[in-house]
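All remarks here apply to the structure that follows.
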Amino acid sequence: MEVNLDGEGLFEVSVKPLFLKHMLETLAKHSLIDLRIEAEGDLEHHVVEDVALTLGKAIDEALGAREGITRFGFAYVPMDDALARAVVDLSGRSYAVVDLKLRGPSVEDAKASDLAHFFRSLADAGRLNLHLKVIYGRDDHHKVEACFKALALALRQAVSVDPRVKGAASVKGTLK
């Protein structure tokens with residue numbers, strides 16, 4: 001796993017399920033975070049969880065003391081019939097509310113429960129606050145893709161450096 005928060009959205013992803021590969025590439029492209037991920041394992045559930053935990057940890061480490069970052073980010077993204085909202089706070093405290101509104105047991109070759117777990121694990125390991133919600137939609141693929149794109153845009157905003165922010169964006173002077 002390699003992460004560059006100041007990237008161009010470049011990606012090199014080797015992971016199964018293939019739907020997760022597609023979503024990680026989408027995340028990189030729209031967040032402008034360069035990602036290099038190579039993962040394999042015994043069960044796809046473990047691979048999905050481990051990728052989320054490792055990605056979250058890599059983002060957390062790349063943020064360092066989180067000084068000068070915008071900290072908050074939000075986005076609404078339409079994907080054909082679906083509309084999703086993502087709101088993040090890179091506070092250093094993890095919390096996740098994930099409402100994907102998936103109807104089926106899987107999306108392409110990924111289990112629906114694994115996809116929801118991915119977002120919660122990412123928030124935990126990344127020490128970030130994530131509120132992710134599908135507002136409406138019919139197609140489960142579109143719902144999840146809208147979520148990944150919304151998360152990407154929210155992260156892009158939150159990790160961006162604001163030259164007016166001195167130190168950490170907190171009245172306490174630190175983000176933990």
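The values are calculated or read from the model by the stated rules, or taken from the named source; none is laboratory data. These numbers come from a predicted model, not from an experiment. Heads up, the Cβs are rebuilt from the backbone with ideal geometry, glycines too, and the neighbour counts pull from every protein chain shown. Please note that ligands, DNA and RNA were not included when accessible areas were found on the heavy atoms of the full protein model with its side chains. Shrake-Rupley method; radii C 1.70, N 1.55, O 1.52, S 1.80 Å.
Do we have L132 as of a type outside the set (F, W, Y), assigned to a helix (DSSP H, G or I) and touching a strand residue (DSSP E or B) at 6+ places or on another chain (Cβ under 7 Å) here? So L132 does not fit the description; no. For the residues S91, S121, the requirement of being crowded, with 17+ Cβ neighbours inside 10 Å, touching a Gly at 6+ places or on another chain (Cβ under 7 Å), small (G, A, S) and farther than 23 Å from D139 by Cβ singles out S121. Scan the stretch 56-88 residue by residue and report those that are open to solvent by 20 Å² or more (accessible area, probe 1.4 Å), more than 20 Å from F118 (Cβ to Cβ) and among the β-branched types (V, I, T). Across the stretch 56-88, the qualifying residue is only T70.
Across the stretch 94-118, the qualifying residues are those that are of a type outside the set (F, W, Y) and open to solvent by 60 Å² or more (accessible area, probe 1.4 Å), and the one among them that is nearest to the chain's Cα centre (by Cα) is V97. State yes or no: is V77 among the β-branched types (V, I, T) and more than 23 Å from M1 (Cα to Cα)? Yes, satisfied. For the stretch 1-26, a residue qualifies if it is open to solvent by less than 30 Å² (accessible area, probe 1.4 Å) and farther than 29 Å from V161 by Cα, and the qualifying residues are V15, P17, F19. R36 meets all of the listed conditions (1) open to solvent by less than 50 Å² (accessible area, probe 1.4 Å); (2) assigned to a strand (DSSP E or B); (3) closer than 20 Å to L5 by Cα but one, namely (1).
Can you find a residue in the stretch 22-31 that is in contact (Cβ under 8 Å) with a residue 60 or more places away in the chain and among the basic types (K, R)? Checked against the condition, which is being in contact (Cβ under 8 Å) with a residue 60 or more places away in the chain and among the basic types (K, R), the stretch 22-31 yields at least one hit.
Within the stretch 42-53, take every residue that is modelled with pLDDT of 95 or more and in contact with a strand residue (DSSP E or B) (Cβ under 8 Å, 6 or more places away or on another chain) and give me the one that is nearest to L90 (Cα to Cα). If we take residues in the stretch 42-53 being modelled with pLDDT of 95 or more and in contact with a strand residue (DSSP E or B) (Cβ under 8 Å, 6 or more places away or on another chain), then V51 is nearest to L90 (Cα to Cα).
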